[in-house]
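The values are calculated or read from the model by the stated rules, or taken from the named source; none is laboratory data. The model shown is predicted, which means the values in this text are computed figures rather than measured ones. Every residue, glycine as well, gets a Cβ built from its backbone with ideal geometry; the counts of neighbours run over all protein chains shown. Remember, those area values only see protein heavy atoms, side chains included, never the ligands or the DNA or RNA. Shrake-Rupley method; radii C 1.70, N 1.55, O 1.52, S 1.80 Å.
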Amino acid sequence: MAVVALILVVALIAGRTEKEAFADATRIVQAAVHAHAEPVERVYAVKVERHDPSSPDFVLPRNVRVSTVGNRFWVEIRSPRGHLCFGRGEDGEIWVALGRWRGMRIEPDEVGPMLQDIADLYSLNLESLLQGVLEGHELERPVTEGTTHVIKAAPKSSSRGWVREATIEVDQETKAVRRLVVQRLAPRGGSATVTFTLVEARFPDE
């Protein structure tokens with residue numbers, strides 16, 4: 001009876017600890033959702049690694065930054081050939097700025113496969129992404145490294161979203177996402193690892 005009682009106590013403590021760990025991770029991600037709903041523009045450097053040898057044969061740009069405010073974002077690509085900015089509107093259309101005086105708006109049914117792939121890979125709707133992690137993923141116990149909480153998220157068995165796994169690093173003080181590593185399904189098959197690293201925070205430019 002003493003052994004059984006000991007097992008029950010251990011099981012109770014373990015279950016409570018798991019629930020507390022999950023609650024801690026949930027609270028941290030919820031705090032990040034609120035932080036990214038604030039009117040602060042955050043700029044992330046982006047790195048993409050493809051894991052599908054049959055993926056479209058084009059070289060992904062290297063010097064890429066994504067600026068986000070809530071669910072709004074725009075992507076800036078710099079290369080020796082020039083400077084390009086693009087973003088996506090609420091209806092799925094893609095706008096592209098080709099310089100100071102030239103630009104275009106492309107409707108969803110007019111977007112070619114290459115532009116669609118790049119737009120999907122580099123898009124960062126942080127509010128929605130974090131909310132999707134809360135609803136469709138199991139969160140591991142947060143690990144604190146210096147001034148950063150690190151949380152790993154894996155999809156629940158019933159989840160069919162495009163995020164297969166995510167590592168979220170949240171600043172303890174600002175609650176903003178410092179670094180986000182997403183293992184995601186690629187837009188047209190295969191998979192990719194996309195890493196967003198915070199490089200700047202500023203008030204949005206009107």
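Quick one: would you say G99 is on the phi < 0 side of the Ramachandran plot, out of contact with any helix residue (DSSP H, G or I) (no Cβ under 8 Å at 6 or more places or on another chain) and not in a helix (DSSP H, G or I)?
On the way: on the phi < 0 side of the Ramachandran plot: no; out of contact with any helix residue (DSSP H, G or I) (no Cβ under 8 Å at 6 or more places or on another chain): yes; not in a helix (DSSP H, G or I): yes.
Taking the combined requirement at face value, the residue does not satisfy it.
Applying the selection to the stretch 73-96, what residues are in a loop (DSSP other than H, G, I, E, B) and either touching an Asp or Glu at 6+ places or on another chain (Cβ under 7 Å) or buried (at least 19 other Cβ atoms within 10 Å of the Cβ) (or both)?
Filtering the stretch 73-96 down to residues in a loop (DSSP other than H, G, I, E, B) leaves 80-81, 89-93.
Of everything in the stretch 73-96, just one residue is in a loop (DSSP other than H, G, I, E, B) and either touching an Asp or Glu at 6+ places or on another chain (Cβ under 7 Å) or buried (at least 19 other Cβ atoms within 10 Å of the Cβ) (or both), namely E93.
Hey, can you tell me all the residues within the stretch 120-174 that are assigned to a loop (DSSP other than H, G, I, E, B), over 17 Å from N71 (Cβ atoms) and in contact (Cβ under 8 Å) with a residue 24 or more places away in the chain? Walk me through how you get there before you give the answer.
Here is the first cut: in the stretch 120-174, the ones assigned to a loop (DSSP other than H, G, I, E, B) are 123-125, 140-142, 146-147, 156-162, 172-174.
Then drop every residue that is not over 17 Å from N71 (Cβ atoms), which leaves 140-142, 146-147, 156-160, 172-174.
Residues satisfying the conditions are E140, R141, P142, T147, Q172, E173, T174.
How many residues does the stretch 101-110 hold that are farther than 22 Å from T68 by Cα and hydrophobic (A, V, I, L, M, F, W, C)?
Looking only at that region, the number is 1.
Across the stretch 32-47, which residue is farthest from R202 (Cα to Cα) among those that are open to solvent by 30 Å² or more (accessible area, probe 1.4 Å) and in contact (Cβ under 8 Å) with a residue 40 or more places away in the chain?
Restricting attention to the stretch 32-47, the residues satisfying the condition of being open to solvent by 30 Å² or more (accessible area, probe 1.4 Å) are 34, 37-40, 45, 47.
This time we only want the ones that are in contact (Cβ under 8 Å) with a residue 40 or more places away in the chain, so: 34, 37, 39-40, 45, 47.
Numbers: H34: 17, A37: 14, P39: 9, V40: 6, A45: 15, K47: 22 Å.
It comes out as K47.
Against the condition modelled with pLDDT of 85 or more and polar (S, T, N, Q), how does N63 come out, does it pass?
Numbers: modelled with pLDDT of 85 or more: yes; polar (S, T, N, Q): yes.
So N63 fits the description; yes.
From E145, E127, E138, which residue is open to solvent by 20 Å² or more (accessible area, probe 1.4 Å), at pLDDT 80 or above and under 27 Å from E38 (Cβ atoms)?
E145
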